[in-house]
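So the structure is just underneath, and the comments pick up after that.
The values are calculated or read from the model by the stated rules, or taken from the named source; none is laboratory data. The structure displayed is predicted, hence computed values, not measured ones. So basically every Cβ, Gly included, is an ideal-geometry build from the backbone, and we count neighbours across all protein chains shown.
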Amino acid sequence: MTPEADKQEEIMKVKINGKSHVKPSKKLGRRECRLVTFDLPYIALHYNQKLLVYKGNEYEDMVGKLKDGLGAVLEDFYQLAGKLAKDEDWVFSVEYDDDTEGVEVVEANAEWINVEDLDAEVGASTLKELIPYNGILNSEGLHRPLLSVQLTKLKDGLAMGLAFNHAILDGTSTWHFMSSWAQICSGLPSVTVMPFLDRTKVRNTKVKLHHPPPDQDPQNASSNGTADAEHVDPPLRERVFKFSESAIDKIKSKVNSDPPPDGSKPFSTFQSLAVHMWRHVTQARQLKPEDYTVFTVFANCRQRVDPPMPESYFGNLIQAIFTVTSAGLLTMNPPEFGASMIQKAIEMHDAKAIEERNKQFERSPKIFRFKDAGVNCVSVGSSPRFPVYEVDFGWGKPETVRSGINNKFDGMVYLYRGKSGGRSIDAEISLEAGAMERLEKDEEFVLEVK
């Protein structure tokens, strides 16, 4: 067995020591807020998982501080301490009352693992025992906590695994909560930016959302035995590609070297990196020139809706934006061809387009499935704008930030601000194993990230 395999075997032996629940520190009474059109498509996806790894040798003190801070921050972010509910018409809401269990906190031990063992390039499957709620659907929030936190004692630190119910919040809200929790733990008397909790201010349409139970959900078919026995998805591999500031500048300069003649504005850092990944992943997949390929990005709509919502809006306020072309056109044209398509699709997704998307969903509600991201897709979630390496609870910034195994599929990409800061970006990419092997050997791609 290789050293890497030995290490993975060790990680699989994480010992659960106990489980407790944390509620808001003071009684709040009964609160209820209906889920809105922006929330509902994610009911049948899995809980959104994150992992933050910290150095430190005072595990008990760290856990105590985290629990105390969690109780305090939940006074303002109380929806995370609630449960999902649905009425007789299948209208979903998030409810909280003082008798609700609250946030689940699991304490675990893996003292034979060093912080450095959890290097950012380790596959998410290796890390899964450090993060709760693997394979759990958001619809299970009817019966489970909406946030579960696993605090695992390492040899020289703490691994904080989190599972957030994606039906009640997106990435912007996730990191707003995490930053606020860290502020409280670091000694601030209150949250500096209060969450905007009234979802009906952005959409006030009641939507009846019938969805199949988990054992009838096609998304789960491959894991519960109901799938076609002849169809087996190829194994996925995950890797984090670290783009330094100089690599990002080089990619952006190359894409902007021949500006479009129509006077379009320069391509952004995101658009430049996006087309770089889209082109090289498409090549690694060895698609035929006539095969379609789709680029999907989940865009923050807080400033796109009319009227605009504050960045502190708590909930889901994202929509998927799709760009499609043939593999031949994408890879045989210069990178500005694909970048221009991505730029135009993002610019066109204005308040009018968002309104039409919402009306379409309300006429015929459709929960989101992985396959809806598009054929031969590269689908980007998370954002390098999120302050993931600034989440300091009082013992330093995280050494590693990762996502878990949930909501991973061929072509899924999570972008994080690089640990080195500045303009650096980490791209966590999941691909079919053969395509990943070819991507790693693609000198034009890998050269950029050295």
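Quick rundown of the values:
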read-out	value
Any hit, the range 356-366, residues being buried (at least 21 other Cβ atoms within 10 Å of the Cβ), outside the structural domain of Phe38 (by TED's automatic domain parsing) and not aromatic (Phe, Trp, Tyr)	no
Strands (runs of 3 or more DSSP E) wholly inside the range 20-126 that include at least 2 residues being of a type in the set (S, T, N, Q), within 25 Å of Ser430 (Cα to Cα) and at pLDDT 95 or above	48-55
Residues being among the acidic types (Asp, Glu) and either modelled with pLDDT of 95 or more or closer than 25 Å to Ala345 by Cβ (or both) - total across the range 219-268	3
Any hit, the range 141-159, residues being surrounded by fewer than 18 Cβ atoms within 10 Å (Cβ to Cβ), charged (D, E, K, R) and over 22 Å from the mean Cα position of the chain (by Cα)	yes
Qualifying residue in the range 280-297 (condition: part of a loop (DSSP other than H, G, I, E, B), under 19 Å from the mean Cα position of the chain (by Cα), under 30 Å from Tyr78 (Cα atoms) and touching a residue at least 60 places away in the same chain (Cβ under 8 Å))	no
Test for Ser326: is it in contact with a strand residue (DSSP E or B) (Cβ under 7 Å, 6 or more places away or on another chain), within 25 Å of Trp175 (Cα to Cα), surrounded by 13 or more Cβ atoms within 10 Å (Cβ to Cβ) and outside the structural domain of Asn48 (by TED's automatic domain parsing)	no
Residues being part of a loop (DSSP other than H, G, I, E, B) and touching a helix residue (DSSP H, G or I) at 6+ places or on another chain (Cβ under 7 Å) - total across the range 169-192	2
Residue pairs meeting the criteria (Cβ under 7 Å; at least 6 apart or on separate chains; first more than 22 Å from Gly381 (Cα to Cα), in the range 424-450; second modelled with pLDDT under 95 and among the basic types (Lys, Arg))	none
Every residue from the range 134-168 that is of a type outside the set (A, V, I, L, M, F, W, C) and either over 29 Å from Val193 (Cβ atoms) or assigned to a helix (DSSP H, G or I) (or both)	Asn134, Gly135, Asn138, Ser139, Glu140, Gly141, His143, Thr152, Lys153, Lys155, Asp156
Selection status of Ala435, outside any loop (DSSP other than H, G, I, E, B) and over 28 Å from Leu154 (Cα atoms)	yes
The range 380-397 - residue that is within 11 Å of Gly56 (Cβ to Cβ) and not hydrophobic (A, V, I, L, M, F, W, C) and, of those, surrounded by the fewest Cβ atoms within 10 Å (Cβ to Cβ)	Gly396
